[in-house]
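The values are calculated or read from the model by the stated rules, or taken from the named source; none is laboratory data. Remember, it's a predicted structure, so these values are computed and weren't measured experimentally. Positions of Cβ are generated from backbone atoms using ideal geometry, with glycine treated the same way; all protein chains shown enter the neighbour counts.
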Amino acid sequence: MAQAYSNWFVRARLKTRQLLLLAAMEEEGNVRRAADLLGMTQPAASRLLKELEDVLEVRLFDRTPHGMRATLYGEVMIRHARMVLSNLSQAHDEISALRSGLVGQVQIGSIATAAATMVPIAISRVKERHPHLQIWLQVETSDVMLPLVAQGKLDIMIGRVLERQGQFTDAVRYEQLADEPLCIVARPGHPMESASGLTLRDIVNASWVLHPPGSVLRHRFDLMFSQIGLNPPQNVTNTNNFLAISSLLLQSDMLAVVPEEVARQYEVFGVLKRLAIELPYRMDAFGIITRQTQLLSPAASIMLETLRDVAAEIYGASAEANASAS
């Protein structure tokens, strides 16, 4: 038991207000404004900061003409301070939920493909068994959600770990589910709806609504044309909002590239049609992502197991094997 009290923050009697001050300093860039935000005096804030620097034996902030800027040591402490504060906030929310007679709450992030089928099925099953469980669903791109998982702001994410986000690799656990084929869609009645034998050359000059430059999907889309010696389409409207994409398609002869699973959902309701064209590229595999060091709440654990079950039904044995291996 003695070993449990050998951590530096216990010996240093680290204060929650010091963690709050670090977060406020990052936001405000000024000791006085950070102190005002926390309802303390500037001397008290400066003293808390100095005590923390003395314990760590490093400088956490440098004074510049534009205010206080975090050093490399400061950036590390700020990142971990935010994680601790997030965990404390979640603990309070869970306790409040339990006191109110609720089961708890869970924060989920999902890419559009999983949000089309897998996630809604899992949520509906969980709500049938636990109607008072509070579920928060955010549908976004992987690059936006992965930092939120690492920071503890999302319990579970269905998406991918991008190569350019390698700094988060050690912070998360990844269970691969499936890859993500792409297709071209248009409104019902589009002039190309019944065309056969379409190629990329036939559609390069069409009007398009696409994910913005810099996104993984847009990169793969542009690459398809570049690989056969064509410039990517130039007549483009940029958005990653699927409601906006579908509305633009319905109001025009625009085309869009979307994951096949999303397209199938829209086809079921007669909103969009897939064009008969084979695409040479697909998105990288996606999976279930959780934070490596986070102990999931009972609510999040229930949701995670249900997501794994539904994924095994939809994507087959590979998803079930990955879940068992974790």
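Structure notes:
- Subset of segment 130-149 [in contact with a helix residue (DSSP H, G or I) (Cβ under 8 Å, 6 or more places away or on another chain) and not in a strand (DSSP E or B)]: 130, 133, 141, 142, 143, 146, 147, 149
- Residues in segment 205-217 that are under 23 Å from residue 242 (Cβ atoms) and not hydroxyl-bearing (Ser, Thr, Tyr): 206, 208, 209, 210, 211, 212, 213, 214, 216, 217.
- Being surrounded by 12 or more Cβ atoms within 10 Å (Cβ to Cβ), under 20 Å from the mean Cα position of the chain (by Cα) and among the β-branched types (Val, Ile, Thr) holds for only one residue in 257, 172, 185, and it is 172.
- Selection status of residue 67, farther than 26 Å from residue 295 by Cα and touching a residue at least 24 places away in the same chain (Cβ under 8 Å): yes
- Condition check for residue 113: in contact with a Phe, Trp or Tyr (Cβ under 8 Å, 6 or more places away or on another chain) and in contact (Cβ under 8 Å) with a residue 40 or more places away in the chain: yes
- Annotation: of all residues in segment 179-212 being charged (D, E, K, R) and not in a helix (DSSP H, G or I), the one that is farthest from residue 258 (Cα to Cα) is 193.
- Criterion (assigned to a loop (DSSP other than H, G, I, E, B) and among the aliphatic types (A, V, I, L, M)) met by exactly one of 285, 276, 263: 276
- Checklist (1) among the acidic types (Asp, Glu); (2) over 18 Å from residue 272 (Cβ atoms); (3) touching a Ser or Thr at 6+ places or on another chain (Cβ under 6 Å) applied to residue 202, failing item: (3)
- Residues located in segment 7-63, provided they are touching a Phe, Trp or Tyr at 6+ places or on another chain (Cβ under 9 Å), over 14 Å from residue 77 (Cβ atoms) and without any contact (Cβ under 8 Å) to a residue 24 or more places away in the chain: 11
This table checks each residue for (1) in a loop (DSSP other than H, G, I, E, B); (2) β-branched (Val, Ile, Thr); (3) at pLDDT 90 or above; (4) surrounded by 16 or more Cβ atoms within 10 Å (Cβ to Cβ).
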residue	(1), (2), (3), (4)
90	no, no, no, yes
94	no, no, no, yes
123	no, yes, yes, yes
165	no, no, no, no
177	no, no, yes, yes
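- Given (1) closer than 25 Å to residue 107 by Cα; (2) among the acidic types (Asp, Glu); (3) at pLDDT 85 or above; (4) surrounded by 14 or more Cβ atoms within 10 Å (Cβ to Cβ), number of the condition residue 313 does not satisfy: (4)
- Residue among 223, 217 that alone is assigned to a helix (DSSP H, G or I), at pLDDT 90 or above and in the same structural domain as residue 272 (by TED's automatic domain parsing): 223
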